[in-house]
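Trainee: The following block contains the structure, expressed as structure tokens.
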Amino acid sequence: MDDYRKALCHQLLAENSKKNVLLIASAIARDEKKIKALVDIMKTESPPLNVRASWVFSVLARSDKEYVLRYFNDLLPLLSPGSPEGMLRNLLQPISVAAVPPPFEGIVFDTCFSFAENKVYPHAVRANAMTVLYRISLRHPPLQKELIFFFEQMLMCEHAPSIKARARLLIKKLSKQERMF
């Protein structure tokens with residue numbers, strides 16, 4: 001393990017706080033070697049280290065959506081049902097505001113559909129997955145009717161206010177899109 005990766009791991013474990021995450025993010029922003037080390041930690045380490053690394057990545061990606069695109073090949077395997085819930089939340093949030101690269105839209109759509117419909121996942125994971133579904137459907141209008149139906153079903157069966165609110169919002173947006181075509 002190189003010295004920088006060791007130092008980064010040490011700092012990630014030093015404190016689990018937003019202050020520490022912001023400190024790390026500001027220290028490694030725009031340094032490709034350091035960001036690659038962070039992504040490597042997300043891919044190879046176990047919790048809590050990989051989850052904390054994903055939190056830092058989320059902060060970086062929210063400030064610059066290009067991080068999501070640049071590291072999408074690395075992120076995709078981390079979006080799996082076996083990944084820690086904190087990591088899923090941290091990675092789906094920036095993906096929900098960045099464009100999914102076209103070659104990955106199918107697999108990401110299927111994965112996010114599974115997350116959204118499965119009540120075992122935390123509300124933040126499910127809500128961000130719903131937004132990713134919506135954003136992919138903007139480039140694939142035939143999916144919009146399917147999503148409206150899916151979100152309407154969620155409204156009827158779901159008890160969580162956050163999921164209901166997201167479903168209502170996305171139904172409204174999808175209905176507007178549908179009228180445009």
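Here, each number is a calculation from the coordinates, and none is a lab measurement. Everything numeric in this text was worked out from a predicted model, so none of it was measured. Please note: Cβ atoms are built from the backbone with ideal geometry, for glycine as well, and neighbour counts cover all protein chains shown.
Trainee: Could you list, bin by bin from short to long, the percent of Cα-Cα pairs of the range 61-107 in 5 Å steps?
Mentor: Percent of Cα pairs in each bin: 5, 22, 35, 26, 11, 1.
Trainee: Under a Cβ-Cβ cut-off of 13 Å, what is the net charge of the residues other than Ala167 that fall near it, where Lys and Arg count +1 and Asp and Glu count -1? Don't skip to the end; give the middle numbers.
Mentor: Working: positive: Arg126, Lys164, Arg166, Arg168, Lys172, Lys173; negative: Glu117, Glu152, Glu158.
After counting each charged neighbour, the total is +3.
Trainee: Now for a separate question. For a quick check: sort Arg52, Arg89, Arg70 by the number of other beta carbons within 10 angstrom, fewest at the front.
Mentor: Arg70, Arg89, Arg52
Trainee: Using alpha carbons only, how many degrees (0 to 90, rounded to 10) separate the axis of helix 105-117 from the longest principal axis of the chain?
Mentor: 80 degrees
Trainee: How many angstrom separate the Cα center of the range 1-80 from the Cα center of the range 148-170?
Mentor: 32 Å
Trainee: Pairing the Cα long axis of helix 49-63 with the longest principal axis of the chain, what angle in degrees results, from 0 to 90 and rounded to the nearest 10?
Mentor: So the inclination is approximately 70 degrees.
Trainee: A further question on this structure: Divide, for the range 1-71, the radius of gyration over alpha carbons by 2.2 N^0.38 Å, where N is the residue count.
Mentor: Relative to the 2.2 N^0.38 Å estimate, the range 1-71 comes out at 0.98.
Trainee: I've got another one for you. For the chain, state the average projected area of the convex hull of the C-alpha atoms over all orientations, rounded to one decimal in nm².
Mentor: Its Cα hull, projected and averaged over all orientations, spans 10.6 nm².
Trainee: To the nearest 10 degrees, how steeply does helix 32-44 sit against the main Cα axis of the chain, on a 0 to 90 scale?
Mentor: Long axis of 32-44 versus the principal axis of the chain: about 70 degrees.
Trainee: Could you give the dipole magnitude of the chain about its Cα centre, charging the beta-carbon of Lys and Arg +1 and that of Asp and Glu -1, in debye to the nearest 20?
Mentor: Magnitude of the dipole: close to 620 debye.
Trainee: Right, something else. Can you bin every Cα-Cα distance in the range 99-181 into 10 Å intervals starting at zero and give me the percent of pairs per bin, rounded to whole numbers?
Mentor: 19, 55, 25, 2
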